[in-house]
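The values are calculated or read from the model by the stated rules, or taken from the named source; none is laboratory data. Worth saying up front: this structure is predicted, and the values here are computed from it rather than measured. All Cβ positions, glycine included, derive from the backbone under ideal geometry; neighbour counts span all protein chains shown. When the accessible area is computed, the model is the full protein with side chains, heavy atoms only, and any ligands, DNA or RNA have been set aside. Shrake-Rupley method; radii C 1.70, N 1.55, O 1.52, S 1.80 Å.
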Amino acid sequence: MTELAKDGWKNAMRAVCSVYVPVKNPLKSADWWQRHFGLEWAMPYNPEENHAIMKLADGQWLHLVETEGDIDSQFRDKSGYEMFRFTFEVREIEHIYDRLRTGGVDVQELTDRGSCGINFVFYDPDGNKFDVNEVVHAHRSPEEAAAVLNYLFAPANA
């Protein structure tokens, strides 16, 4: 049930339909997103618009917008941690993580955030920072979730 605001309006915000990412070269960036994540074109490339539009699995659009000057899509939180602008929800995070690492993508270590899921951070070629998340306990059976956690976090020599 949707809660009503004080003035009687319901929450009208349904989803994020588009995300805009600053890049130096939209075509090279689109190729990178295709190679590493399998994204498809949402619209044919139009060089006059100076951006490539890719489609995520659930239909949202990722706009790769040509930008001049420094690219800085991150910000620091109050503690000084450099934050990412958004988090991608994924399935089979272990395969994505392995693929990115072996594919030469700049990725940080996996983190088990308990009920919030498993996450890792990666950077695109332009230095944009992104977060990836899978709540394995919600998306998989208890046995599958335990196997994934063991695969990702068990000591190498155990």
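Straight-line reach from K10: which lysines have a Cα under 20 Å away, not including same-chain ones fewer than 8 places off?
In chain and number order, there are no partners.
If you take the Cα atoms of the range 52-140, find Rg, then find the Kirkwood Rh from the mean of 1/r over all pairs, what is Rg/Rh? Numbers along the way, then the final one.
Values: Rg = 14.1 Å, Rh = 14.5 Å.
That ratio equals 0.97.
Report the full-extension gain for the segment E68 to W41: residue separation times 0.36 nm, less the Cα-Cα distance, to one decimal in nm. Intermediate results must be reported in sequence, preceding the final value.
Details: separation 27, 0.36 × 27 = 9.72 nm, distance 2.31 nm.
Full extension of this stretch gives 7.4 nm more.
Taking the Cα centre of the range 69-123 as the origin, how large is its charge dipole in debye, to the nearest 20, when only Lys and Arg (+1) and Asp and Glu (-1) carry charge on their Cβ atoms?
Working: 7 positive and 11 negative charges, 25 e Å.
That gives a dipole near 120 debye.
Within the range 11-91, what percent of beta bridges assigned by DSSP are antiparallel, to the nearest 5? Don't skip to the answer; put the middle values down first.
Values: 10 of 16 bridges.
Close to 60 percent.
Need one number: nm distance between label points at K78 and H95, each 7 Å from Cα along Cα→Cβ, rounded to one decimal.
The answer from the label model is 4.1 nm.
Could you work out [θ]222 nm for the chain from helices alone, using -39500 (n - 2.57) per DSSP H run of at least four and dividing by all its residues? Round to the nearest 500 deg cm²/dmol. Working shown, then result.
Numbers: 4 runs with 38 residues, N = 158.
Per the formula, -7000 deg cm²/dmol.
Can you give the relative contact order of the chain as a percent, counting alpha carbon pairs under 8 Å and 6+ residues apart?
Numbers: 226 pairs, mean separation 27.2, N = 158.
Normalised by residue count, the contact order of the chain is 17 percent.
Which of the peptides 97-107, 17-27 is most tightly packed, and how do the rest follow, going by the mean number of other Cβ atoms within 10 Å of each residue?
In descending order of packing, they fall as 17-27, 97-107.
Among DSSP beta bridges lying fully in the chain, give the percent that are antiparallel, nearest 5. Intermediate values should be presented prior to the final figure.
Values: 21 of 30 bridges.
If I count the DSSP bridges inside the chain, around 70 percent turn out antiparallel.
I'd like to know which of V148, I71, W33 lies farthest towards the positive end of the charge dipole of the chain, counting +1 on Cβ of Lys and Arg and -1 on Cβ of Asp and Glu.
V148
What per residue convex hull volume, in Å³, comes out for the chain when only alpha-carbon positions are used? Show your work: numbers first, answer last.
Values: hull volume 29.1 nm³, N = 158.
So the per-residue Cα hull volume is 184 Å³.
Going from most exposed to least, what order do H139, H51 have by accessible area with a 1.4 Å probe?
Values: H139 65, H51 35 Å².
Ranked list, largest accessible area first: H139, H51.
From the phi of every residue in the range 127-138, what ³J(HN,Hα) in whole Hz does the Karplus formula 6.51 cos²θ - 1.76 cosθ + 1.60 yield, where θ is phi - 60° and glycine or proline is x?
Per residue, the Karplus-derived 3J(HN,Hα) values read x, 5, 9, 10, 10, 10, 9, 9, 8, 4, 5, 8 Hz.
If you roll a 1.4 Å probe over the heavy atoms of the protein chains, what accessible area per residue do you get for the chain, in Å²? Kindly include the intermediate steps, with their values, before the conclusion.
Working: 10590 Å² over 158 residues.
In whole numbers, the chain has 67 Å² accessible per residue.
Under a plain spin-label model, where a point goes 7 Å from the Cα along Cα-to-Cβ, how far apart in nm are S115 and R85?
3.1 nm
Go through 67-75, 123-131 and give me the packing order, highest mean Cβ count within 10 Å leading.
Working: 67-75: 12.3, 123-131: 16.9.
Packing order, densest peptide first, comes out as 123-131, 67-75.
Which ³J(HN,Hα) values in Hz, rounded to whole numbers, follow from the phi angles of the range 58-65 under the Karplus curve 6.51 cos²θ - 1.76 cosθ + 1.60, where θ = phi - 60° and Gly and Pro get x?
8, x, 5, 9, 10, 8, 9, 9
About its Cα centre, how strong a charge dipole does the range 29-158 have in debye, to the nearest 20, once Lys and Arg get +1 and Asp and Glu get -1 at the Cβ?
Taking the Cα centre of the range 29-158 as origin, the dipole is about 400 debye.
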